[in-house]
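Notes follow once the structure below has been shown.
The values are calculated or read from the model by the stated rules, or taken from the named source; none is laboratory data. Worth saying up front: this structure is predicted, and the values here are computed from it rather than measured. Cβ sites come from the backbone with ideal geometry, for glycine too, and all protein chains shown count toward neighbours. Just so you know, the surface numbers come from the protein's heavy atoms only, side chains and all, with ligands and any DNA or RNA stripped out. Shrake-Rupley method; radii C 1.70, N 1.55, O 1.52, S 1.80 Å.
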Amino acid sequence: MQKIIIKGGRKLTGSIFVSGAKNVALKAMVAACLTDQEVVIKNVPLISDFIVMVEIIRELGGEVKIIDHMAHVHMKKFKKEKISLEEAGKIRTSVMFLAPLLARMGKAIIPNPGGCRIGARPIDRTIKGLEKMGYSAVYRSKDGFFYIKKKNNSKKEVAYRFEKSTHTGTEILIMVACLLKGTKTTLENAAAEPEIDELINLLNQMGAKILRTKERTIAIEGVNKLNGTEFTIGSDRNEVVTLAVAAIVTKGDLLVKGAQNVDLSPFIQRLELANGGVEQKKEGIRFFYKGELKSEDVETSTYPGFMTDWQGPWAILMTQAKGESVIHETVY
């Protein structure tokens, strides 16, 4: 059994670069399967979730070459339309492969989303959207798989409003819609996270026609096919927050390079109220200890609110603060 031995008592000082955003990289791997041409994705984080996505692509018939932090993805042809339960159970983003499968094969057999068990992970909002687009979906409880296929009817216009905002659902429907040639799709109450806009930028670079007309409205004009491209993943917001907290709780001083290119405003606002040191610099953001921390409550919410992923690091930060703080998680 591997061990991680930590010798504490040292301040974290200096400078560091952050990895590419996991919440973009995993979805970019799925988007790369929408075309039969090669897609090169740069600045990918070499984490376990990413490796699982690589394994799923290879299982489906694609080729993936990883050179340093660069992934070359080539899904020339799918060899099957079913994601294995073993691989899919490792990570919840596995369900997103239904998008390229439906777009290129017209059918997909996908198990219930996997990943960390923090509660139910329904995809009913995604299924309702797919049905609006002209797909039929059946869930078989005996094997735990969704059986989804394209109906013969084609629609010129599709309008779908998410009952509640969903990050993954928004991304799946965007990817499916971008290859519905001749169909104009409008998604309302869509998720507004910057990682989704990054995915939109990648798809548009591949030849899609996608526009965010309002903060939570996305318009997609379906095209016949997408092309290969090269795309660089931006910095990971969650990694920046983790490093910021690590610097402050150790009473250190850390410059996180590249952090200025992502939206951290909800975190920085709370951090400054808690007396954490923050300085915006040209090459990044400096996080430093400047005195005793103050307790500060937070409430997680959808973008542009305080991210659910930040509550863990924030709880660690608040263990060093004077007084009592409350972290309230909004269920959405």
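Residue by residue, here is whether (1) modelled with pLDDT of 95 or more; (2) over 30 Å from TYR160 (Cα atoms) holds:
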site	(1), (2)
LYS225	yes, no
PHE231	yes, no
ALA247	yes, yes
VAL256	yes, yes
PHE288	yes, yes
LEU293	yes, yes
PRO304	no, no
THR308	no, no
GLY323	no, yes
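Looking across the range 59-98, just one residue is open to solvent by 40 Å² or more (accessible area, probe 1.4 Å), part of a helix (DSSP H, G or I) and touching a strand residue (DSSP E or B) at 6+ places or on another chain (Cβ under 6 Å), and that is LEU85. Checked against (1) over 19 Å from ILE327 (Cα atoms); (2) touching a strand residue (DSSP E or B) at 6+ places or on another chain (Cβ under 7 Å); (3) not in a loop (DSSP other than H, G, I, E, B), ALA244 meets all criteria but (1). Being out of contact with any strand residue (DSSP E or B) (no Cβ under 8 Å at 6 or more places or on another chain) and of a type in the set (Gly, Ala, Ser) is the filter here, so list the residues in the range 1-46 that pass it. Across the range 1-46, the qualifying residues are GLY8, GLY9.
Do the conditions hold for GLY9, that is, is it on the phi > 0 side of the Ramachandran plot and not charged (D, E, K, R)? It is true that GLY9 is on the phi > 0 side of the Ramachandran plot and not charged (D, E, K, R). Give the residues of the range 27-57 that are open to solvent by 10 Å² or more (accessible area, probe 1.4 Å), under 18 Å from LYS80 (Cβ atoms) and either outside any loop (DSSP other than H, G, I, E, B) or in contact with a helix residue (DSSP H, G or I) (Cβ under 6 Å, 6 or more places away or on another chain) (or both), sorted by residue number. If the condition is that a residue be open to solvent by 10 Å² or more (accessible area, probe 1.4 Å), under 18 Å from LYS80 (Cβ atoms) and either outside any loop (DSSP other than H, G, I, E, B) or in contact with a helix residue (DSSP H, G or I) (Cβ under 6 Å, 6 or more places away or on another chain) (or both), then VAL52, GLU55 are the ones that fit. Output the residues belonging to the range 258-298 that are farther than 22 Å from ILE233 by Cβ, touching a residue at least 40 places away in the same chain (Cβ under 8 Å), open to solvent by 10 Å² or more (accessible area, probe 1.4 Å) and not in a helix (DSSP H, G or I). Within the range 258-298, PHE288, TYR289 qualify. Residues that are within 19 Å of the chain's Cα centre (by Cα) and closer than 13 Å to ALA31 by Cβ within the range 178-192 comprise just one, CYS178.
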